[in-house]
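Every read-out reported here was derived from the displayed coordinates using simple, explicitly stated rules and does not represent laboratory data. Not measured: the values here are computed from a predicted model. All Cβ positions, glycine included, derive from the backbone under ideal geometry; neighbour counts span all protein chains shown.
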Amino acid sequence: MSRDTTDLADRRTLLKLTGGAGLVALSGCLSTTDDGGDGSDGSDGDDGSDGDDGSDGSDDGSDSDDSTEAYEVGMVDSQTGSLSAFGERNQRGVNLALSRVNEVGINGRDLDIVVEDSESENQGGIAAAQKLVNQDGVPFLIGAVGSGVSLAIYESVVEGSDVVQLSQNSTGLNLTEFPGLLRMSPSGRSQSLALSNLISDDGYDEVAITYVNNDYGQSLTDAFVNAYDGEIVYNTPHDQDQQSYSSVISEMNSSGADAWLFITYQAEFATMVNEVYSSGYEAQFYGADSVSGDNVLENTPEGSIEEMKIVVPSAPVEEENYQSFADAFESEYGQQPTSWAAYAYDCVINAALAIQAADEFTGEALQDTVRRVSGPEGETVTSFEAASEILADGGGPDDVDYQGVSGPIDFDENGDPVGFLQVLEVQDHAYEGIDFIEG
Amino acid sequence: MTVLGYLANGLVFSSIIVLGSIGLSLVYSIADFANFAHGDTMTIGAYSALVTFGAVGGLGGAVLGLPYGFFVALVVGIAAAAVVAVATEKLIYEPLDVDSIGLLITSIGIAFIYRAVIQIRFGSDFTRFDLQPLRPIEALVPYGVRITLHDVAIFGSAVVLVVGLHVLLQYTDLGRKMRAMADNPDLARVSGIRTKRVKLWTWVIGAGLAGAGGVFLGLFNQLAPRMGFNLLLVIFAAVILGGIGSVYGAMAGGFLIGMINQLTPFFSNVVEALPIRPNWLATVIENMITIEYANAIAFVIMVVVLLVRPNGIAGEAAT
C-alpha cells in the first residue's frame, strides 16, 4: 500500500514538473518575436544565391548545423517597471529593425530576438540575462535600459564569458569603465558638459539641481558639478515613484537660484512641473534627456515649461537615413520615433551585421566583428541592405562602416559610441531643436 | 515657504493616505488579513474615474475647479473599486480555505493581476485627468500657503468621507454590527449577526474609500499603473502606526505619516536653526533630516511610537 502511494506521489510530482517545464518553455515562446513561418520559405531560395556570392567561407560552420533555422539573439528590455516607457519605445525600434533585416536575411537565415523582461530592476535583469545566456545560449545580448541594470547584467552574467553585450539605452557614466560592455547611446558625460556650458552661456551663475537617486542621476550630476563654473546653491537627490515632490520644489525655490536643473525621469519630472505650476513658482528650467518626452508635454499644463532647455542624445535628424527611418516608423506606429527607438533599431542592425560578418555564430567571433562592422573603416553605408550586400560580395567586417540612424556609432575602446547631442527648447509647449553638439 | 504652507501641503497629502489606510485597516479588522492588493484597488478606482470622466465630460458647471462630471467619475471610481474588491472576495478569497498568511500571499498575486490588467489596457506610461491645472489660490499666497482649489477639494471630500464613515460606524445598525464583528466574530455570529453580509459590506466600504483615495491621488499627482502600489508601503506604515485593525487609529496614523512626510523640509530648517553642540553632531543631524529621507524619517517616528505603544496609537481601543 505504502509503495503504491509513493508511486502515485512520484507520478504527480513528475506531472507537475513537466507541466511547469512546459509552461516555462511556452512563456519563452510568448516573448519571442516569431517570424519563422515566412522566413523559412525565403531562406531556401536565398541559400543558393548566397553560395554563388562566395560568402560560403563564412557560412560553412553554421550551415552544417541547420541552415534554415533563424539566428537567435537575446534582448533584456524594461517591459514593466519604472522604465517601461523606454521598453515600449525600444520594442517599436526592434520590430522595425527585425523586419528590415528579415526582408534581406542573414546568409539566407532569419534573425530572431528573444526578449526577456528586466522589470527595470537589477535582479530581474540578471534573471532575464541568465535565462537568455544559459538556457537559450544566445551569443549576443542586447540589454539593458537602465545603466544600473546593464552593469549588473555585465558583472554577474556576461563578464568572463564571450557573450557580446550591447546596451540599447544606458547613458550612465560608469559604463565607460567597462570596455567589454558596449552601448548604443552616448555617455551622459557629454550631456553634463553640454548642460554646464549651456547654463553658463545663458548667463546663470547659480543653479539648483535635483536628481534621481540612482547611478544615472548621481553620475550625471557629479559630472555636471565638476564641469560647472558657477555656484551650485542646491543639490539634492529624490527617490523615484514618489507621489509628491512638493518638498523638493519648495526647497529649490527657497534656494534662490533662477536656473533649475532636473536630472530625473519623465514621470517624476511631470509631477514636479505640475507642482511648480500649482505652487506658482517661476524659474528657467534645464534638463537631461530623460525628462523630455511627449508624455511630459501631454501631462503638464500649457506654458508651464516654456523656454525650458534640454540636452538630448540625438539622432542626426537631418541625415537622410534617419528621415527614412522616421517615415517608416511613423507609417508603422503613427508617431515620430524617439532617439531611444533609434538606438534599439541600431542595436539590432549592428547585431545582424556582426553575425553576417562573423565566421561562425559564437560569442568569440561576434566580439571581433561587432565593433568592426560599424567602425570607421570601410565603405560608408546607411542601411542593413547595403551593408549586407557588401558582406555578401565577399567583404570583411572592415569593408563596411554602418552609419546608424542614431549616429555614426564608431564604438571607441571603452565601448562608447560617438554620439550627437541636440539642444531642445520648449516653444509653444513643443520641443524645437535649436542647436547640435557633437559628443 | 512658511510653516503654514507645509502644514497645508501635509493636510492634502494626509487626506489621500487616510482614505487608503482606513480601508486597509477595516478589511484587516473584519476579514482578518493584510490585503496587499489594497494599493492596486486604489489604482482601479483612479483608472475607472479616468475612463468615466473621459466619457461623460464636464457636464456644465464646476465646484472648486472641478467640473460636475468629475464628481460623477469619482462616484464611478468608488463603485468600480468596491465591485472589483467584492468580486475578488467572492471568487477568490472566500473559496480559498487558507489561513491569514495564505490570504496575504494570495492578495500579493491579486495585486499583480490588477496591475497587469490596467497595464494591458492603458499601457505603462503615466497620464492625468483631462482637467485644466490650476494656479495657487491668490488670497493664500501672502501667508506662504500655495495650494490650489483642487487641493481644497481633495481635503474637503476626504473630510466628508471620513465623517460619513464615523457616522456609519457609530450611529447605524451596520456600523454596530461591524464593530461587534471586529471585536469578536464568533460572539457576533452567535448573537445573530449575519457575519458574511457584514464582511461584504466591509469590503464595499474599504475598497470604496480606497477607490476615492486613488481618484484623489490621480488628481493630486498623476495616474500610472504603479501609483497605488507605490503608496502601499506608506499606507501600511500609517495603519501600523495607528494600530492595525482600528479605523480611528488608521485615520490618526495616516494623518501623522502624511504630515511628517510633507513637513520634513520644515524640520530640516528647524534643525539648522537650532544651536546644537558639538558641531559634528549638528552636521550629522542636518544630513539625516533632509527631504531625501522624508519617508525614512516617517518610519523612524513610527518605530519610536511602536516602542512606546506596541499596539499602535489606538491599539487597545475597539474599532
Along Cα→Cβ, 7 Å out, is where each label goes; now give me the distance between the ones at residue A:282 and residue A:233 in nm to one decimal. 1.6
Which FRET efficiency value, to the nearest 0.05, do you get for residue B:233 and residue B:113 by plugging their Cβ-Cβ distance into 1/(1 + (r/R0)^6) with R0 = 22 Å? 0.65
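In debye, nearest 20: dipole of the stretch A:382-430 around its Cα centre with unit charges on the Cβ of K, R (+) and D, E (-)?
Numbers: 0 positive and 12 negative charges, 33 e Å.
It works out to roughly 160 debye.
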What residue among A:328, A:358, A:341 has its Cα farthest toward the positive end of the dipole of the stretch A:291-372, where the charges are +1 on Lys, Arg and -1 on Asp, Glu, each on the Cβ? A:358
Quick one: which residues, 5+ away or cross-chain, put their amide H under 5 Å from the amide H of residue A:381? H built at 1.01 Å from N. A:401, A:402, A:403
Approximate spin-label separation residue A:432-residue B:194, in nm, with each point projected 7 Å along Cα-to-Cβ: 6.8
Using the Karplus curve 6.51 cos²θ - 1.76 cosθ + 1.60 with θ = phi - 60°, work out ³J(HN,Hα) for each residue of the stretch A:355-372 in order, rounded to whole Hz, and write x for Gly and Pro. 5, 5, 7, 7, 5, 9, 8, 10, x, 4, 5, 6, 3, 6, 8, 4, 7, 6
Evaluate the charge dipole of the stretch B:3-226 about its Cα centre and quote only its size in Debye, nearest 20, assuming +1 on the Cβ of each Lys and Arg and -1 on the Cβ of each Asp and Glu. 240
Under the Karplus curve 6.51 cos²θ - 1.76 cosθ + 1.60, θ = phi - 60°, whole-Hz ³J(HN,Hα) for the stretch B:203-219, x wherever Gly or Pro sits: 4, 4, 5, x, 5, x, 5, 4, x, 4, x, x, 4, 5, 4, x, 6
With springs connecting C-alpha atoms under 10 Å apart, model chain B as a Gaussian network and identify which of B:213, B:60, B:254 has the largest mean-square fluctuation. B:60
Per the charge dipole of the stretch A:94-226 (beta-carbon charges, Lys/Arg positive, Asp/Glu negative, Cα centre), the residue among A:146, A:196, A:164 reaching farthest to the positive end is A:164
So for the pair residue A:425, residue B:293, with labels modelled 7 Å out along Cα→Cβ, what separation do we get in nm? 4.2
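When you look at the Cβ of every residue in B:123-133, what mean number of other chain Cβ atoms sits within 10 Å? It would help to have the intermediate numbers written out before the result.
Working: counts 4, 13, 10, 10, 4, 8, 1, 0, 1, 2, 9.
So the per-residue partner count for this stretch is 6.
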Give me a single rounded figure for A:229-241: the average over its residues of other chain Cβ atoms within 10 Å of their Cβ. 2
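Assuming 0.890 mPa s and 25 °C, estimate D for the stretch A:281-439 with Stokes-Einstein, Rh taken as the Kirkwood radius over Cα pairs, in µm²/s. Walk me through the intermediate numbers first.
On the way: Rh = 17.1 Å.
Here the translational diffusion coefficient equals 143 µm²/s.
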Please provide three numbers in whole Å: the alpha-carbon extents of the protein assembly as shown along the principal axes, with the largest listed first. 91, 87, 61
Helix-derived mean residue ellipticity, 222 nm - over chain B, DSSP H n ≥ 4, -39500 (n - 2.57), to 500: -24000 deg cm²/dmol
As straight-line cross-link partners of residue A:131, the qualifying lysines (C-alpha separation under 24 Å, not fewer than 8 residues apart within one chain) are A:16
Listed residues B:298, B:273, B:237; largest mean-square fluctuation, Gaussian network over chain B with Cα springs below 10 Å, found at B:273
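Please state the charge dipole magnitude for the protein assembly as shown, taken about the Cα centre, from unit charges on C-beta atoms (+1 on K and R, -1 on D and E), reported in debye and rounded to the nearest 20.
Numbers: 31 positive and 101 negative charges, 1505 e Å.
Dipole about the Cα centre, nearest 20: 7220 debye.
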For residue B:90, counting only lysines whose alpha-carbon sits under 18 Å away and dropping same-chain residues fewer than eight positions off, the answer is B:196, B:199
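Within 10 Å of each residue's Cβ, count the other Cβ atoms and sort B:166, B:150 from fewest upward. Don't skip to the answer; put the middle values down first.
Values: B:166 14, B:150 22.
Taking fewest neighbouring Cβ atoms as first place, the list is B:166, B:150.
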Can you pull the mean other chain C-beta count within 10 Å for peptide A:245-254? 6
Under a 5 Å amide H to amide H cut-off, with H placed in plane at 1.01 Å, what residues pair with residue A:238 once short-range neighbours are removed? A:211, A:212, A:213
Dipole axis of the protein assembly as shown (+1 Lys, Arg; -1 Asp, Glu on Cβ), positive-most option in A:283, B:147, A:252: B:147
Assuming R0 = 41 Å, what is the FRET efficiency of residue A:155 and residue A:307, from their Cβ-Cβ distance, to the nearest 0.05? 0.50
Run the paramagnetic zone check for residue B:187: 7 angstrom along Cα to Cβ, then residues of the stretch B:147-181 with backbone nitrogen under 13 Å. B:179-181
By counting other Cβ atoms within 10 Å of each Cβ, how are A:435, A:416, B:97 ranked from fewest to most? B:97, A:435, A:416
